[in-house]
1. Dipole size in debye (nearest 20) for the stretch B:161-279 around its Cα centre, Lys and Arg Cβ +1, Asp and Glu Cβ -1?
2. If one computes the Cα centroid of the stretch B:239-263 and of the stretch A:110-187, what distance in Å separates the two points?
3. Could you work out how far helix B:205-216 tilts from the main Cα principal axis of chain B, as a 0 to 90 degree angle to the nearest 10?
4. Quick one: order A:202, A:254 by neighbouring beta-carbon count within 10 Å, fewest to most.
5. Using a label point 7 Å beyond Cα on the Cα-Cβ vector, give me the inter-copy distances for residue A:22 in nanometres, one decimal, shortest first.
6. Just add up the charged neighbours of residue B:198: K/R +1, D/E -1, any other residue whose Cβ is under 9 Å from the Cβ of residue B:198.
7. Order of B:35, A:277 from fewest to most other C-beta atoms within 10 Å?
8. Mind checking the full-extension length gain between residue B:267 and residue B:39? Use 0.36 nm per residue of separation minus the Cα-Cα distance, one decimal, nm.
2 protein chains.
Amino acid sequence: MSATLADIGEDALVRLITRHLRQDADVLLGPGDDCAVVRPPPAKHEQVLKTDTLVEGVHFTPTTPPRLIGRKALARVLSDFAAMAATPRHALVTLIAPPTTPVARVRAIYQGLSRLARDFGVCVVGGETSRGSQLILSVSMSGHVKTGKWITRSAARPGDVLYVTGRLGGSLRGWHLRFHPLVKEAAAIAQHLRPTAMMDLSDGLARDLPRLAASCGLGLEWWPEKIPLNPGCTLHQALHDGEDYQLLLALPPSLRTERLAQVQGLFPRLRFFPIGCLLPRPSKAPAPRGGWDHFGRSP
Amino acid sequence: MSATLADIGEDALVRLITRHLRQDADVLLGPGDDCAVVRPPPAKHEQVLKTDTLVEGVHFTPTTPPRLIGRKALARVLSDFAAMAATPRHALVTLIAPPTTPVARVRAIYQGLSRLARDFGVCVVGGETSRGSQLILSVSMSGHVKTGKWITRSAARPGDVLYVTGRLGGSLRGWHLRFHPLVKEAAAIAQHLRPTAMMDLSDGLARDLPRLAASCGLGLEWWPEKIPLNPGCTLHQALHDGEDYQLLLALPPSLRTERLAQVQGLFPRLRFFPIGCLLPRPSKAPAPRGGWDHFGRSP
C-alpha cells in the first residue's frame, strides 16, 4: 500500500514539496521561514498580483493525472498575467488535501507545477498545507509590468475591433490541462499592437465577451459566423465550454492588418480572429449568454 | 429563507465582496481585472510574500461567528509578517464555499476581514471564488521590509536567550479568533533589540521551539517552569494548544534588560519571558514534543 499524507505528517510533506524547488538570485529568502523575501520589481515597473484556485470536482477530477493538476494550477495564473501583458515571477502554492491522499499524488502535482514554473522563469517561494475534505490547489503570483504598460479590460473605445488569438471550444478534450499560457505572445502583442483592452478567456466567450464590453462601459456587436471553432466543435461549445485560455483583445479599427501579420510571424501558432466590435453605448442587443458560473444554478 | 450563493451566482457574489473594499494611492488597479497592479515597495526595501489558509472543521467550526473567521484569516498572515518584522500591504483573498452557503455569512466574513485590513493599512486588491464541499478562506499577502532588516528563524547563535512575548495556552477559549497581530510590536523589537531569530507561535511551543532551534542548526535548552501560562492553563496546554500568535525570539545574552524594559514601555501588553536558550549543537536532549500536525495521526 502506498504512503499517505497521514503516514508521513506535515513536516515531512513540506520537506518533500520544497526539496526540489529551484530559486534564483531574486529570491532572498525562500520556503521554510515565516515569509518569503524577494527582490522588488525592476526600476520603472509596478507590481502585479493574482491568485487562482483549482478544486477537485470543479476544475479537475479524481482521475486527472496529478502532474497536469499541478501544471494547470500554475498555467491559469500565468494566463492571467498574459492578459495584463505582465511578467510572472514569484509564486506561493497552497495545498489542501484529505489525509488519505497518497504522497505520490502530491509529489506528482508539485512536479507538474515546478516544471511549468521553470519553463516560465517562475520561482515557488512559499506556500501552505492543510487537511481538508477535497483536494484543492491554489496559486498566488507576484510579478511585474512596466509602468503604464499594462493592459486592462476596460479602456477599449467604441469601434474597436475584438479579436481572439486562437480557436475555441472543446477544452474538456484535454486542452484545459495542457494549454500553453500566452505570456510571451501577450508581451509581443502589447509591444507591437497596443491593445486598448485585453483579457484571457477562461469562463467561455459567452460570459467573457459581455464582461469585457461591460468593463469598458460599451455595447457589443458580435459576429457568430466568424468565431473560430476547434475541429469538431459547435458554436455553442465555443461560446459555453470555457477554459480556452486564448486572449480576447480590442484593437483600434485603424490598425493595419500587416501589423497583425507581423506579430503572428513571431509565434507560429498565434492567430488573430476578428469576432466583433464595440459599440458606443451599452445596449440590449443580443449578446451571447451562459458560460460558467461557479455558484449559480444551470441556465 | 435567506439567500444562498447559488441564488445570486458568482458575478453578484464578486460584486458583493468587492463593493466595500477600500483602496489607497498605492493600488493602481484593484479587483475586477485579470490581475491587480500596485506600486512596488519603497526604495531600499525588499518584497515580502506569505499565504495562509483557514479550513472549516480544522481552523474554525460551522458555529464560529463569520466576522471572526474573516478576521482570523487575515490576522494569521499579519502575524507571519510580524515574525519577519515586515510591513503587510496588499492582500488577495480566496473564498471556497458550498453553493448552499448563506450570502449573509459570506458578507460577514469579508466585513471581519476588511475591518482588520483597514486597522493595519492593508488593501484587499483581488481574489478568487469557487464552489467546494467545505468553507475555506485563503489570504495571500504582499508587503515589504527594509533591505537587510528582516528577521529570519535561522540566524540565532549558541547562548542566545529565547523569549516569548506573552502568556501561552488556552487559545481555543477565544484568543485564536481575537488575537492582536504583533506587527507594530515586532517592528519596535527589530529596531531596538535586533533579535537574531524570530517566529510567531502558531502550532504550539512544543512544535515551534524545536523548529526554531533546528532552523538555526543549534541545540535547545528550555526551562519548563519559566513558560508563562495563561490563567487556568497547564504547562501541557501552553506547549500543545497552539494558536498563541505570540512571538518567539532569540536575543544575545549580552543584551541589557533595560533595553527590554524600554520596548515593553512602548506597548502596555507586551512582555518578554525568557524560556530557554540555544546550545552549540543539535542534541538529543529532551525537547518538548507534540503540537499541531495537519496530516499526522494523534500522538
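1. Details: 12 positive and 10 negative charges, 66 e Å.
Once rounded to the nearest 20, the dipole reads 320 debye.
2. Between the Cα centres of the stretch B:239-263 and the stretch A:110-187 lies a distance of 43 Å.
3. The two axes meet at around 70 degrees.
4. Working: A:202 22, A:254 8.
So the residues, fewest neighbours to most, are A:254, A:202.
5. Reported distances to equivalent positions: 4.5 nm.
6. Details: positive: B:153; negative: A:34, B:200.
The answer is -1.
7. Values: B:35 28, A:277 21.
The most exposed by this proxy come first: A:277, B:35.
8. The span from residue B:267 to residue B:39 would gain 79.0 nm if fully extended.
Only the coordinates and a few stated rules stand behind these numbers; no lab work does. Just so it is clear, the model here is predicted, and its values are computed rather than measured. Counting neighbours? That spans all protein chains shown, and the Cβs are built from the backbone with ideal geometry, glycine included.
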